[in-house]
Every structure is written in C-alpha cells, then in structure tokens.
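Encoded as structure tokens, the structure appears first; notes follow it.
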Amino acid sequence: RQFMGDPAAIIAPTMCPDDEPAILNPMFKGYRYHYTGLHHGPTGFPTEDAEICDRLIKRLFNKVEAHEDEIESYEEYLLDDAEYLVIAYGSTALAAREAVNRLREEGVKIGMFRPITLFPAPDKKMKELQERFGNKVYMAELNMGQYVEAFERASGMHRDEFVTHFKANGRP
C-alpha cells in the first residue's frame, strides 16, 4: 500500500485508549482517509477482521460510558409541583409541551421530561422520575416505542405499568 505520508507515523483509531476519542492524523497533510460507516483497520481502510471490529465497538461503548455524565442532556419542564409526568423527545416534545401547558390551564399538575440525548439515555434521572411518579407516566413517541425500552430498563417498569402512545404514520 502506498501512503503519501510516513506510514510509521500513522496513528490508527485501533491504537487509542479504550475510554478516549480517536486521535486522527491531520487532514490534507499527506494522509488518506476513507470515511464510511464500516470498521477501519490500522491503515484507515475498511476491515472485517473480527478482533479489530470487536475492539473498535467495545472502545466506542467504553468511551461513551466513561463520559456519560458529560454527554447526557435533558430538559425538565414544570416538574416542581407535578403529579403526572409526560416523557417526549424530538418533535413530539413540542406537541407534549403544548399539551402540558393546556392541561396546566385546566388545573392538572403535569410536567414534562424531554431527553435531548437518546444515547446514552439519562438512566439515573429516569429512575429518579419513575420513583417519584410511579405509574403516573405517559410516554409519547413518533415511532413504535423504541425509546420506551430505555425507560423500562432505567426504571425497572414494564410498558404495561404506564401509559404509552406510539404513532408511526409520518405525521406529527
């Protein structure tokens, strides 16, 4: 294989620490990059080598787990005195916020939790919310309930123990 730079100077993502981001060689400085969603070996090109692929996936997960507290992001809306909880994210959260506002005008003490990062899920916060609200939780998703599994895992509840609404017809 031909490298425009010094091949001995190449730092491959496969050689970085398990809990740190990969350090890539400078772009446009003699190194070639091949960007895909595939696993890449020490030369930067795709590989199907089982050991390399396994290490790369584990490194990515370790990196996320090591920095969860820095990555997680969420919004709490009108939860201070809430007796009921709505969980919604993405575009669904806009409709949920409007519903919370309207229900508040009618005297219902309801608030909303909006996960901003979906992975890693804010597990500690969702467990805390489940302990506070019990089964007075309503989860709305504009899909078939993929994120409800994150709440189930974090809270220890099953989707039959709280209210869900899934919609997947492409219309908000």
Within the set of other residues whose C-beta is less than 13 Å from the C-beta of Asp18, count the net charge using Lys and Arg as +1 and Asp and Glu as -1. 0
Which loop-located GluC sites (Glu not before Pro) does the stretch 64-172 contain, where loop means any DSSP state but H, G, I, E or B and the Cβ has at most 15 other Cβ atoms within 10 Å? Glu83, Glu106
If Lys and Arg each add +1 and Asp and Glu each add -1, what is the summed charge of the other residues whose beta carbon sits under 9 Å from the beta carbon of Tyr77? 0
Residues of the chain: accessible area per residue at 1.4 Å, in Å²? 64
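Tell me the net charge near Met157. Cut-off is 14 Å between Cβ atoms, Met157 excluded, with +1 for each Lys or Arg and -1 for each Asp or Glu.
Values: positive: Lys127, Arg132, Lys136, Arg153, Arg159; negative: Asp123, Glu128, Glu131, Glu149, Glu152, Asp160, Glu161.
Value of the local net charge: -2.
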Under the helix-only model (-39500 (n - 2.57) for each DSSP H run of 4 or more, divided by the residues of the chain), the mean residue ellipticity at 222 nm, to 500 deg cm²/dmol, is -9500 deg cm²/dmol
Quick one: angle between helix 50-66 and the longest Cα principal axis of the chain, in degrees between 0 and 90, rounded to 10, please. 50
The long-range amide H neighbours of Ala22, using H built 1.01 Å from N in the peptide plane and a cut-off of under 5 Å, are none
Quick check: convex hull of the Cα atoms in the chain, volume per residue, rounded to a whole Å³? 165
With each label point set 7 Å from Cα along the Cα-Cβ vector, what nm distance links Glu98 and His165? 1.2
What whole-number volume per residue, in cubic angstrom, does the convex hull of the C-alpha atoms of the stretch 74-166 give? 84
Farthest towards the positive end of the dipole of the chain, among Phe28, Ile52, Ala150 and with Cβ unit charges of +1 on Lys and Arg and -1 on Asp and Glu, lies the Cα of Phe28
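Would you mind working out the magnitude of the charge dipole of the chain relative to its Cα centre, with +1 at each Lys and Arg C-beta and -1 at each Asp and Glu C-beta, to the nearest 20 Debye?
580
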Leaving out ligands, DNA and RNA but keeping every protein chain, what accessible area does Arg114 have, in Å² rounded to the nearest 10, with a 1.4 Å probe? 70
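The values are calculated or read from the model by the stated rules, or taken from the named source; none is laboratory data. Remember, it's a predicted structure, so these values are computed and weren't measured experimentally. Heads up, the Cβs are rebuilt from the backbone with ideal geometry, glycines too, and the neighbour counts pull from every protein chain shown. Remember, those area values only see protein heavy atoms, side chains included, never the ligands or the DNA or RNA. Shrake-Rupley method; radii C 1.70, N 1.55, O 1.52, S 1.80 Å.
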